[in-house]
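Read the figures in this text as sums done on the coordinates, not as results from a lab. Here the structure is a predicted model, which means the values were calculated and not measured. Every residue, glycine as well, gets a Cβ built from its backbone with ideal geometry; the counts of neighbours run over all protein chains shown.
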Number of protein chains: 2
Amino acid sequence: MRFSKLYAPTLKDAPADAEVVSHKLLVRAGMIRKLTSGIYTYLPMGLRSLEKVKTIVREEMERAGAQEIFMPTVQPADLWKETGRWDFYGKELLRFEDRHGRGYCLGPTHEEVVTDLLRGEVRSYRQLPLNVYQIQTKFRDEIRPRFGLMRGREFMMKDGYSFDRDDAGADESYHAMYEAYKRIFTRLGVKFRPVEADSGSIGGSFSHEFMVLADTGEDTIAVCQSCDYAANVEKAEVKGDFAPCTESCAAMEEVATPDKHTVEEVAEFLGVPLSAIVKTLLFNVDGEPVAALVRGDRELNEIKLKNYLNADEEPELASPEQVQEWTGAPVGFAGPVGLKQVKRIIADSELMAANDYVAGANKADTHVLHLDLARDANVEAFIDLRMITDADPCPHCGGALELPKGIEVGHVFKLGTKYSKSMNATFLDENGREQVMIMGCYGIGVSRVVASCIEQNHDDDGICFPPPVAPYDATVLCLDPRKEDILGKAEEIEKMMEGWGMSVLLDDRQERPGIKFKDADLIGLPMQVVVGGKGLKNGIVEVKDRRTGEKTELSLENLETELKDFYQKVLDGWKAARD
Amino acid sequence: MRFSKLYAPTLKDAPADAEVVSHKLLVRAGMIRKLTSGIYTYLPMGLRSLEKVKTIVREEMERAGAQEIFMPTVQPADLWKETGRWDFYGKELLRFEDRHGRGYCLGPTHEEVVTDLLRGEVRSYRQLPLNVYQIQTKFRDEIRPRFGLMRGREFMMKDGYSFDRDDAGADESYHAMYEAYKRIFTRLGVKFRPVEADSGSIGGSFSHEFMVLADTGEDTIAVCQSCDYAANVEKAEVKGDFAPCTESCAAMEEVATPDKHTVEEVAEFLGVPLSAIVKTLLFNVDGEPVAALVRGDRELNEIKLKNYLNADEEPELASPEQVQEWTGAPVGFAGPVGLKQVKRIIADSELMAANDYVAGANKADTHVLHLDLARDANVEAFIDLRMITDADPCPHCGGALELPKGIEVGHVFKLGTKYSKSMNATFLDENGREQVMIMGCYGIGVSRVVASCIEQNHDDDGICFPPPVAPYDATVLCLDPRKEDILGKAEEIEKMMEGWGMSVLLDDRQERPGIKFKDADLIGLPMQVVVGGKGLKNGIVEVKDRRTGEKTELSLENLETELKDFYQKVLDGWKAARD
């Protein structure tokens, strides 16, 4: 491809609204353009990367026995009402009416549509298992779309769904998809990790997320250094020796803590460690007030709270007005004792192991000392309620944990019968009895994969595309395209590489060499071949490995072999860096 | 591919709402399923056909220098307001608001989005010409979606847009796309015809439609038997010797025509030919009453009326109440004389050539005789206003015309500056002067192509897929998959054909041979290979050309050569039938 003919408008500066590096670089490299908040156009090179991801996904899905279909973007409200998600899904579900006033939504996911499709077709156990997938534009009306392709409103997704006769079959389907995902992300050439995950709002029995490891990731994962345990911290269980404390402590008494609202302020004022304080967090959960207690040096894991309460919606932190109403005190002085309006108090297990705590007194500018939760408070349950830390042991083997950051790019769920039951997707088993199908669902954020590759692989000069996702395998920089011999040699090298099956971008633009070097680094194709007058005179071209920055001069005489070898080295380097 | 593993639920009966053959057969062959009115899911085989069309389209677009991009489905209202189409587009434009109350629509076409994209990027004449395209799901909220994929609400479309510096460049871009379209439809293996077309609501200077010829087509085209003229009848100019009539006729007089509302009734009642009657049709055009006159044996061409009047919207036939109000008479008695409330009377040129007409008297149950339009009526203009017939001469060479039916599958427009002007898409020319870009736009209804292939190629038993669009090239029917030797031979033949680069569907289902034969004909893959116990015993397999129905027995001994030859004959037969 000739750069002079390619619609790839590179930019010196990133757009003002770009916060993350993939967003900045995708725009600067002329791969995407914003149409409106959270909605992007893919320019030719951006689309090429997207298509490369799609091809790998497709090949591995087919290999795993999944069949590609294509479902509609516009979905009737009626189906969402059958599963109850029309009410639960919230404002991310973009709803509208057609010209006849019938309700629809833009599909953010397709459980309802695919279940409706198959309940009309599958009659007998002989037609199962069935595994279908599609690659499609989805829409989620995010309240604050940002980070470019990382969290857009309109995005490209692969979503797949399996239907089985029984649990064992569903587990097998799940496992096949899990393995297919491992192959997909391995082939994409990124460092990734499958981790145990919470099932979230899609529901279902268990799930794994596939995380691309990147310092800029929004997710944190707990990875064991000894065994193969890895989980989203949202899901990671905290294990420890939390036997109930048997010692007794002095009677509770109030202490004035004027204007000390945060645990840090209270600890400093009273001269106690953070771990001696009980942090009391108040939530609305499905309309009911709930208090959650964790140690002052810990963070609450809201997912654990939600799951314990079996709540429909995410716990919502109480407003200052509600705190005042429920506790009789302003924010900062809530505590577990005497909370009359809050019937449910859930505490983190760790709090059992000690007593003599400091906590809010539910009175302005006042805390209590010598709190013994078992003695003084009405705690409904001590459960695992906090975020894991890197000081906690691995819940599987007790080994040490690391907590790297990751970007969720894939998610596999065992759904069970959540959708098939409410939508009555049944079949007749071997004995002619009606049974509900067991479902799984499997997503890959195709456009987010492209962004995550860049989050993981970039430097100050631009993108370093992993070869399987790069829009082209290599670029040939023709430093003086006006000179026929130089352009001729550049074309010859382009044709030679294309002959090897490579895709090549020939920079034949009438631009200064400096601009070409800068753009080549910005766009980040894995290998650069520089063809200039001075080099040709000396019988050499220069090549560069974009990832390592390594440059070498190759002799024109032996170019075919040397260039092949260098490119192989580039690929091997990527592979080694990933493994 | 094993049929036993393929999700392709064939049906004996067509759905009750299916009116056209492609809709019936696509559903029966297990290729599509309806989600809701005008919105379909593509099952694996339907998607395969769609993908084959997409691949051919893509290859020819790239060959013609167009670059693939991917624009969003959800488009901001603001852009549509800039061009004025937010108000003009009508209810087919599905509009909605996001969670913040901002206005959007589901893209039915992308002139606004692409113009917005490029006005932000193109600064200099050096960046032009530019030609970009995408293949994407579109949405048009049709009032009566029907005919399956022929006129759905959600459908797959290739839309492309060219931007040029000047008219000559735009003509070149148009021509390149016209030629690319000819190659595309030739490669798709369908009988088609490019025809001159009206530019319609997209606007612009001139355009061609690409019509797949089929008796079930909704469009009629005028094709000259002598020269290469072909046009949509909407556009086809009627030429003839319409010199003003110089003879005079008797004075106009009224005649009672009780209860004679139609031209046929009046002609019979008065004993005159239809051609002696002036038909007066009343319309609302952009809110103004207009009368259009054609001879009693002719049909009005509303597009010609609209274009003459330079109207924004389609002419809308006056309601019975309006007819009463404007003429003082019920429907059936309108005429061109004494129409006080209708200021504009436009007549077809042909009416000039004679006089002594019959027409409505604008009085109940009354007509006039001896009407001389030049003498008695206030006709604004005599213009070409009627539908062409096969008795009219070719407007180019005077030769004889045929009027076959067609299905519009592609449309190329020269848009000119309609969008670039209103959206201020400019560039600086060689002299540093600001110029407006000249645009073209180019569409192919990808999903409609699949349906039109079937409309053109089917018989009582099912689809006869043109080879380039068939989901698989051939099917191998294994008549008894329980017998290992028979299944083994069937697989051997499958593998052999796959080795030639063919895609093969092996029917290994545990079904009776009759069902397999019926399904094979229904699905309509170009070649069938039948492997059964009896044949194998006699050393033969049977092959069938789905299009012609021709069956032959091939010897196992010489199978490779004979099968290859037979398949070549199938392909050659298709080619000959198309040319």
Here the residues of region A:449-480 lying in the modelled label zone of B:GLU62, meaning backbone nitrogen under 18 Å from a point 7 Å along Cα-to-Cβ, are A:468-476
So the FRET efficiency between B:ASN378 and B:HIS175, C-beta based with R0 = 51 Å and rounded to 0.05, is 0.70
Karplus-derived 3J(HN,Hα) from phi for region A:361-377 (6.51 cos²θ - 1.76 cosθ + 1.60, θ = phi - 60°), whole Hz, x at Gly and Pro, runs 9, 6, 8, 4, 6, 9, 10, 10, 10, 6, 6, 10, 4, 5, 7, 9, 10
Region A:513-579, convex hull of Cα, quarter of hull surface, nm² -> 4.6
Here the whole-number average of other chain Cβ atoms within 10 Å per Cβ of A:63-71 is 5
Applying the gyration tensor rule to the Cα atoms of region B:441-579 (axes a ≥ b ≥ c; rounded if a/c under 1.5, else prolate if a/b exceeds b/c, else oblate), the class is prolate
Residues of region A:507-544 with backbone N under 17 Å of the label point set 7 Å from the Cα of A:GLU557 along Cα→Cβ are A:535-542
Output field shielding_mean for A:38-51 (other chain Cβ, 10 Å radius) holds 4
Residues whose built amide H sits under 5 Å from the amide H of A:ILE540, excluding neighbours closer than 5 in sequence, are A:LEU556
Computed about the Cα centre, the charge dipole of region B:253-383 from +1 Lys/Arg and -1 Asp/Glu charges at the Cβ has a magnitude in debye, to the nearest 20, of 320
So, for the Cα atoms of region B:155-306, Rg and Dmax in Å stand at 21.7, 64
Kirkwood calc, the protein assembly as shown, C-alpha pairs only, radius in angstrom 34.7
Computed over region B:253-383, the distribution of all Cα-Cα distances in 5 Å bins, rounded to whole %, is 2, 12, 24, 25, 22, 12, 4, 1, 0
Total charge of the residues flanking B:PHE465 in space, meaning their Cβ is under 11 Å from its Cβ, with Lys and Arg +1 and Asp and Glu -1, is +3
Close lysine pairs (region B:253-383; alpha-carbon distance under 20 Å; 8 or more apart or on separate chains) counted at 11
One finds the C-alpha centres of region B:286-334 and region B:31-107 to be spaced, in Å, by 34
Given A:437-450, A:389-402, the highest-first ranking by average Cβ count within 10 Å works out to A:437-450, A:389-402
Relative contact order as a percentage, region A:253-383, C-alpha pairs under 8 Å and 6+ apart, gives 28
DSSP beta bridges in chain A: the antiparallel percent, rounded to 5, is 80
Phi-derived 3J(HN,Hα) across region B:429-445 with the Karplus relation (6.51, -1.76, 1.60, θ = phi - 60°), rounded Hz, x for Gly and Pro, is 7, 4, 9, x, 8, 6, 10, 8, 5, 9, 10, x, 9, 9, x, 9, x
Distances in nm between the label point of B:PRO320 (7 Å along Cα→Cβ) and its equivalents in the other copies, shortest first, are 6.9
Going residue by residue through region B:257-264, the Karplus relation 6.51 cos²θ - 1.76 cosθ + 1.60 with θ = phi - 60° gives ³J(HN,Hα) values, rounded to whole Hz and with x marking Gly or Pro, of 10, x, 6, 9, 8, 9, 4, 4
Rh (Kirkwood, all Cα-Cα pairs) for region B:93-197, Å, reads 16.7
Each residue of B:500-506 has, on average, a number of other protein chain C-beta atoms within 10 Å of its C-beta equal to 0
at A:LYS5 the sorted inter-copy label distances (label 7 Å from Cα on Cβ side), in nanometres, are 4.0
Shortest first and in nm, the label-point separations between B:LYS182 and its counterparts in the other identical copies (7 Å out along Cα→Cβ) come to 5.6
Looks like region A:1-104, by Cα gyration tensor root eigenvalues a ≥ b ≥ c and the a/c under 1.5 rounded cutoff (else prolate when a/b is bigger than b/c, oblate otherwise), is oblate
Non-local residues with an amide H under 5 Å from the amide H of A:GLU550, with H modelled 1.01 Å from N and Pro and chain starts lacking one, are A:ASP545
Expected response for nearest chain A Cβ to the A-B rotation axis, distance in whole Å, is A:PHE96, 2
Interchain or sequence-distant (5+) residues whose placed amide H lies within less than 5 Å of the amide H of B:LEU300 are B:MET387
Using alpha-carbon positions, the gyration tensor of chain B gives root eigenvalues a ≥ b ≥ c; with a/c under 1.5 called rounded, otherwise prolate if a/b exceeds b/c, else oblate, the class is prolate
Protection proxy (average C-beta count within 10 Å per residue), highest first, orders A:302-311, A:10-19, B:311-320 as A:302-311, B:311-320, A:10-19
Calculated from DSSP helices alone, with each H run of at least 4 adding -39500 (n - 2.57) and the total divided by the residues of chain A, [θ]222 nm to the nearest 500 comes to -8500 deg cm²/dmol
